[in-house]
Amino acid sequence: MTKQTSFRGRPRGLLVLGLVLLGPVTATAATASASGPTIRLFPTTVLEDIRHTGAVAEEMESGLQSIISKLDQQQQLFVEAKCDGAEGDPGCEQIAKQLGATYLDMLTVMNDKLPDMERAVTSTRNSLEKRLRTEVGKKMTPWDLQENLLGNTAQAAAQANRPAMRGRSGLRLSERFRQYYSLVASGGGSTAEQSLTVVAADIYLDMDEASMLIARTQEEISRATLLEQLNQSFGVITPEMQEVVQGVKSILFGDFEGDAPISGPPPNDVQQAYSSPLEM
Amino acid sequence: MKTIKLTVLPIVLLVLAGAGCATTPEPACSLPEGHNLRVAIETSKAQLTNGCEALFDAYFDRLMSVAEGDPKPRNKQTFSEFLEWTTDTGLLSRRQAQAYYNRYFNVKFMSLAGDYNNCSYTCPRQAELLTRMEEELSDKEQGLLRVSQDRDSYYRADQLLKETELVLAATCTACSAN
């Protein structure tokens, strides 16, 4: 992510950072099934962290939803009034100023909520980091790892529900965490542990990426807020502003044309008729 | 007298050398032809036990190519039996035979064999290991998909590679953060 240096580009730089920040958090969750875990990747503390992160994401969504709706209405009015390019028209300048003010509101809400988000993400990341290091990094050889990923039983059932890895599904952010939570909280059911290892890795990488981007986004918000305040004097609605608002909507509320999953599940039945005595 | 001795000695040596060559003729190692896997395996067995064992890799590759011409699930067992035969005859060790079989016909990756923990062993050579897994996946494509028609196992191996890559990326980040 490169920072924008031009005046008009800065709002976009800010929000695109925001999107990149939020984007990884929306990585595809899984509905896997699990047998009782023999490694402890998701103790209660980690589950609580995930649940809390989801709650914070939901708060952020709630705070932004009404503002974004308002932005949509103002944007529609701006277009219908044919204000694009109508410089000097007093009515259009008024609409543009209102749009800019709403945009500032959005930045303010983001600025208010990001510290909570940062704490939640950092906590989840740290918990998972410790678990992955101990349980997968130090207690397993590479051979153990692949056996864990393959699982010993019920492969077909596990694969049917295997998580698609690190993609986007167009779900709301809070819904994503709700899925993560229900996925890992259903231990003792039929969930395959190998899937949980993948899910743990997936969430951890997302959180790691997100916590770095939160810090960068917070820096950008302060600067963009100041610039937009200055911009209010001129009443200019930049295309960049429109673009980033659309981006926030797509990430937060799932109004999004998702990419195809990186990896789809393999066919259901992997039972082999023949088992060689040489097989390891 | 001394001159005669000096003249006769090289001649005797040459004769002895010639006699030695005559008792160990070079093996006629020719890779099996044709499209019948059973016949190709029998031909290979005969030659491998008759001085051609140094060319085992080439024979194995040829047999795989022959099997590709007539892919079927039964081929997996045929190769397993062939490799067991190599251990019975002492051509390969059990471990070598397992390495061949599993590299081509099993979902699991031999590249992931290792006796030390992931933080200390796998993470420092993560990229190299993933490259080796990619190469092994290509062999599994031949063995599972093109020879044995076992699509499910091949796709599972492909998925396993992706999962391993993801889990190692996370685990090694966690290890390095310690």
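The values are calculated or read from the model by the stated rules, or taken from the named source; none is laboratory data. Predicted model only: the values in this text are computed from it and were never measured. All Cβ positions, glycine included, derive from the backbone under ideal geometry; neighbour counts span all protein chains shown.
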Legend entry - Every residue from the stretch B:63-96 that is farther than 10 Å from A:L278 by Cβ, polar (S, T, N, Q) and within 14 Å of chain A (Cβ to nearest Cβ): B:N75, B:Q77, B:T78, B:T86, B:S93, B:Q96
Legend entry - Options A:T45, A:T102: the member that is more than 16 Å from the chain's Cα centre (by Cα), at pLDDT 85 or above and part of a helix (DSSP H, G or I): A:T102
Inset, instruction - Tell me, please, whether a residue that is surrounded by fewer than 21 Cβ atoms within 10 Å (Cβ to Cβ), more than 10 Å from chain A (Cβ to nearest Cβ) and hydroxyl-bearing (S, T, Y) can be found in the stretch B:141-160. - result: no
Legend entry - Pair list, Cβ under 7 Å, 6 or more apart: the stretch A:203-219 residue touching a residue at least 40 places away in the same chain (Cβ under 8 Å), other residue surrounded by fewer than 22 Cβ atoms within 10 Å (Cβ to Cβ) and among the small types (G, A, S): A:L205/B:A169
Inset, instruction - Confirm whether A:A29 is farther than 24 Å from A:S123 by Cα, hydrophobic (A, V, I, L, M, F, W, C), under 28 Å from the mean Cα position of the chain (by Cα) and modelled with pLDDT under 50. - result: no
Legend entry - Some residue of the stretch B:164-174 being more than 7 Å from chain A (Cβ to nearest Cβ), at pLDDT 95 or above and buried (at least 22 other Cβ atoms within 10 Å of the Cβ): yes
Inset, instruction - Would you be able to say whether some residue in the stretch B:121-132 is of a type in the set (S, T, Y), out of contact with any Pro (no Cβ under 9 Å at 6 or more places or on another chain) and over 20 Å from B:L63 (Cβ atoms)? - result: yes
Inset, instruction - Give the stretch B:27-62 a look and list any residue that's touching a Phe, Trp or Tyr at 6+ places or on another chain (Cβ under 7 Å) and either within 14 Å of chain A (Cβ to nearest Cβ) or of a type in the set (F, W, Y) (or both), or say none. - result: B:F60
Inset, instruction - Would you point out the residue of the stretch B:104-134, among those that are more than 8 Å from chain A (Cβ to nearest Cβ) and of a type in the set (D, E), that is nearest to the chain's Cα centre (by Cα)? - result: B:E134
